Amino acid sequence: MKKFVSVLAVLLLVCFVLTVFVACKKEEADTLVIYNWADYIFNEGQMEKEFKSYYKAMTGKDVEITYVTFDTNETMLTRLTKGDSNVDVVCPSEYAIQKLIEMDMLVPLHYFDEEKYVKDFTKNVDSSVYVHNADNVEQGIRDKVGETFGNIEITADNSKNKGKQVSMLDYFVPYMYGTLGILYNKFEFERLGIYDSETLNKANWGILFNDNGEGEVLSDGLTGNILMKDSIRDSYAATVFYLLESGGLDELKNSDGKFYTEMSASELINEVDDNLLELVKDALKDQKRQLFGYEVDFGKDDLLSGNAMVDLAWSGDAMYAVEESWDDEREDYELAYYLPHSTGNIWFDGWVVPTTYDPDHWDAIKLFINYLNRPNVAAKNLLEIGYTAAIKPQVLLDDENAMRILAEGYEYDPDDPDEMAEFTDYFFHYEDEIDLSNWRYPFESAEINSDNYRNIDSLGVMRDFGNKNHDVVTAWNYARSAGVSALPMLGWTALAVVVVVGLVCLIIWLKRLKSHNVRLR
Amino acid sequence: MKRKFRFRLTRRAFAYPYMIFLLLFVVVPLVIILINAFLDENSKLTFANFVEFFSDAGGGLTVLGNSLIIGLVTTLICLVIGYPCAYFLAKYHASSRVFVLMFILPMWVNFLIRTLSTKAIFMALNVKLGMGTVMFGMVYNYLPYMILPLHTTLVSIDHSYIEAAEDLGADKMAVFLKTILPLSLPGIVSGITMTFIPAISTFAISEILSGSKIFLFGDAINMHFSKTTNSFGVGSVMSLVMLVLVVVANVIVNLTSKDEEATSVL
């Protein structure tokens with residue numbers, strides 16, 4: 001009987017799980033399949049509800065949303081290229097979009113080309129239905145993308161567009177952007193006596209290598225307390241910048257005879273030649289002595305618990321970590337973010353439509369992209385994700401609703417004009433005392449404050465490694481595995497085993513001897 | 001004369017679902033790995049992946065060496081600690097139920113949670129993460145896999161053998177060396193297999209307990225698949241190497257074990 005009950009219980013469990021799967025079948029309403037980064041939109045359930053009512057208001061129809069997530073660009077690329085997934089909108093990073101365009105896997109949106117946009121986007125629906133939100137997008141992003149990704153050649157062998165040069169601007173709508181910088185524990189830096197603008201601005205990326213900018217150790221306290229991101233691209237960029245400012249590239253030329261020191265930030269991080277790769281490899285190998293480890297997911301916790309003091313981080317993650325690090329006792333944030341002055345990396349994520357999309361979902365796709373570019377939605381995303389939404393700050397400032405959401409998120413009273421003014425000043429003109437710039441809005445801060453010696457050109461956009469990808473992976477593999485050998489471990493264990501076995505033998509021998517003597521007597 | 005296929009609900013039919021499952025999720029993926037190992041980025045036939053791995057261009061062989069050594073050391077330590085433990089647990093079998101439970105209990109908790117807690121303890125004690133902490137974590141995680149087969153074998157040894165040995169004048173040491181140890185050999189062999197094989201392919205434990213500074217073979221394979229898009233080939237070669245190692249380990253263990261039933265655990 002007991003057995004029967006337990007078998008029944010297991011069967012019930014299996015049935016339950018199966019029903020859950022089966023229950024997820026399609027409804028008759030319009031549908032949209034969204035493929036986004038995990039934790040990369042404000043409250044998913046609420047977003048779905050809001051978008052549904054927005055969609056209903058615009059088209060009079062219902063929409064069903066399937067929301068799928070990925071955690072690296074690589075998993076996303078693999079799924080799109082090798083799998084048979086049919087998703088409608090995807091949100092990859094700029095270099096992944098470049099790869100998708102090269103493989104001719106994206107549908108042009110012409111979002112920034114008014115004429116084509118109207119023609120393509122409003123093929124079958126009255127154009128007045130659509131809120132045209134492309135103008136809301138930050139101009140600086142469009143300039144940067146046009147500069148770096150203006151001419152992408154479609155290289156897919158099986159494509160009829162092979163050899164065609166296209167601009168990424170025709171394929172994506174920017175969603176979020178941010179910079180690559182250094183997240184550090186301010187309290188620890190104060191303790192070590194290196195928390196001042198002059199020291200940090202001299203060290204720049206050297207902070208990650210415990211180098212004060214002149215080839216000397218920044219602080220002995222940092223040794224063994226530095227985290228490096230377990231990401232090939234970001235580590236590569238940071239290392240190249242470090243090499244540049246520490247003089248490691250002085251008087252060196254690339255294969256075309258151009259000096260590395262004369263290149264712009266963008267040119268330099270996209271120059272992946274063998275010389276540079278060799279230098280990066282060695283620098284990363286040497287850095288290992290200074291490291292606490294390579295950060296995968298636990299960077300923030302390690303910084304807060306004091307296990308590590310420095311981490312290579314993206315601005316949004318850093319922002320999130322900083323805001324979580326409020327210390328009641330000292331009435332200050334324990335963590336801080338530093339965007340090195342010399343050079344840096346700026347990146348973008350945006351929405352694209354893969355060629356495998358379902359044409360029946362076209363309306364929903366268009367409206368979803370438009371929806372995300374609404375100021376109040378952008379404000380919610382800004383609060384939730386921590387990265388900068390790709391909407392012009394002026395658009396947010398002009399939208400009362402969006403400002404309300406932001407102010408409430410930062411615990412200011414939106415009904416009090418004084419508090420609102422204070423909040424606006426804090427959020428949009430915020431200036432970091434160490435790096436003297438507003439790292440939430442790098443484009444604006446470069447314009448407003450010209451003597452912060454941050455030139456927007458010093459932030460480079462990174463392309464895909466292309467055919468050098470393999471070499472970079474090999475170099476990274478090499479740097480990661482170098483310097484650690486398990487051989488001494490084997491030696492010590494062998495010694496320990498020999499000692500133990502020897503002791504046991506000795507005891508046995510002594511016992512035998514004793515019993516032998518007994519017998520003799 | 002065509003023989004029609006008719007589905008009959010025999011006892012054998014109940015095995016089909018699992019057979020199909022095995023085919024789909026074990027055999028097919030293995031074939032895909034095998035094919036991928038011979039393909040380059042553009043899906044053309046190549047041997048370059050093998051050349052790249054075996055020429056140690058990306059330090060792959062060094063990583064493999066490290067993994068093997070760590071696996072070996074873990075197994076050795078587990079055996080040295082596990083055997084006496086299993087021995088005494090078996091000896092006081094009746095009263096040791098609770099102790100056996102204490103060894104199994106941690107296995108019910110997810111190993112990631114256990115490892116993260118281990119890290120937290122080390123951090124609280126101000127222990128520097130490195131090879132030592134990784135070894136600790138490995139031994140801690142795989143010790144039950146060593147103790148359980150040993151315990152099972154030791155418990156099932158017929159006590160009359162031991163009594164007979166004692167009757168024939170063997171002292172305690174001789175009873176152990178000449179009777180118990182040889183009879184528990186199957187347990188030792190299956191314990192070693194069950195520890196060594198997962199130990200050489202581990203990567204989560206080493207990642208967490210060394211702050212990712214110790215890069216093992218599992219990490220290397222993981223990197224080729226999840227951190228890049230066009231080096232599946234080399235990753236597949238590495239997976240195949242891993243598979244060959246596991247098979248070789250099994251064969252060696254089977255050969256050295258006199259009792260073939262011993263490895264039936266696997």
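The values are calculated or read from the model by the stated rules, or taken from the named source; none is laboratory data. This structure is a prediction, so every number in the text was calculated from the model and none was measured. Methodologically, a virtual Cβ is constructed for each residue, glycine included, from the backbone with ideal geometry; neighbour enumeration extends over all protein chains shown.
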Legend entry - Residue count for the range A:213-225, restricted to those that are more than 14 Å from chain B (Cβ to nearest Cβ), touching a residue at least 12 places away in the same chain (Cβ under 8 Å) and surrounded by fewer than 18 Cβ atoms within 10 Å (Cβ to Cβ): 3
Inset, instruction - Check the range B:55-64 and report whether any residue there is crowded, with 17+ Cβ neighbours inside 10 Å, over 26 Å from A:Arg289 (Cα atoms) and more than 24 Å from the chain's Cα centre (by Cα). - result: no
Legend entry - Tally of residues being surrounded by fewer than 17 Cβ atoms within 10 Å (Cβ to Cβ) and touching a strand residue (DSSP E or B) at 6+ places or on another chain (Cβ under 8 Å) across the range A:248-305: 7
Legend entry - Answer from A:Phe259, A:Phe241 - the residue that is within 30 Å of A:Glu147 (Cβ to Cβ), modelled with pLDDT under 90 and more than 14 Å from chain B (Cβ to nearest Cβ): A:Phe259
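Residues of the range A:286-310 being facing chain B (nearest Cβ under 9 Å) and more than 20 Å from A:Ala479 (Cα to Cα), which ones? Before you say what the answer is, go through the steps one by one.
Filtering the range A:286-310 down to residues facing chain B (nearest Cβ under 9 Å) leaves A:288, A:291-296, A:298, A:302, A:305-308.
Residues satisfying the conditions are A:Phe298, A:Asp302, A:Ser305, A:Gly306, A:Asn307, A:Ala308.
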Inset, instruction - State which residue is farthest from A:Asn455 (Cα to Cα) when the search covers only the range A:227-272 and only residues that are within 27 Å of the chain's Cα centre (by Cα) and of a type in the set (Lys, Arg). - result: A:Lys229
Legend entry - Qualifying positions in the range B:39-83 - assigned to a helix (DSSP H, G or I), more than 8 Å from chain A (Cβ to nearest Cβ) and without any contact (Cβ under 8 Å) to a residue 40 or more places away in the chain: B:Val51, B:Phe54, B:Leu61
Inset, instruction - Please determine, by comparing only the residues of the range B:202-218 that are assigned to a helix (DSSP H, G or I) and either modelled with pLDDT under 85 or more than 16 Å from B:Leu61 (Cβ to Cβ) (or both), which one is farthest from the other protein chains (Cβ to nearest Cβ). - result: B:Ile205
Legend entry - Only one of A:Met228, A:Met176 that is modelled with pLDDT of 90 or more, within 14 Å of chain B (Cβ to nearest Cβ) and surrounded by 21 or more Cβ atoms within 10 Å (Cβ to Cβ): A:Met228
Inset, instruction - Inspect all residues belonging to the range A:63-76 and state whether any of them is surrounded by 14 or more Cβ atoms within 10 Å (Cβ to Cβ), at pLDDT 90 or above and among the acidic types (Asp, Glu). - result: yes
Inset, instruction - Hey, can you tell me all the residues within the range B:219-232 that are within 16 Å of B:Gly59 (Cα to Cα) and either in contact with a helix residue (DSSP H, G or I) (Cβ under 7 Å, 6 or more places away or on another chain) or in contact (Cβ under 8 Å) with a residue 60 or more places away in the chain (or both)? - result: B:Asp219, B:Ala220, B:Ile221, B:Met223, B:His224, B:Ser231
Legend entry - Among (1) within 14 Å of another protein chain (Cβ to nearest Cβ); (2) surrounded by 17 or more Cβ atoms within 10 Å (Cβ to Cβ) - the single one B:Val100 does not satisfy: (1)
Legend entry - Whichever residue in the range A:279-324 is among the aromatic types (Phe, Trp, Tyr) and within 16 Å of B:Ala120 (Cβ to Cβ) and, among such residues, is modelled with the highest pLDDT: A:Phe292
Inset, instruction - Could you tell me whether the range A:330-342 includes any residue that is within 30 Å of A:Phe149 (Cα to Cα), among the acidic types (Asp, Glu), modelled with pLDDT of 85 or more and surrounded by fewer than 22 Cβ atoms within 10 Å (Cβ to Cβ)? - result: no
Legend entry - In the range A:64-106, the residues that are in a strand (DSSP E or B) and either farther than 14 Å from A:Phe465 by Cα or in contact with a Lys or Arg (Cβ under 6 Å, 6 or more places away or on another chain) (or both): A:Glu64, A:Ile65, A:Thr66, A:Tyr67, A:Val68, A:Thr69, A:Phe70, A:Val89, A:Val90, A:Leu106
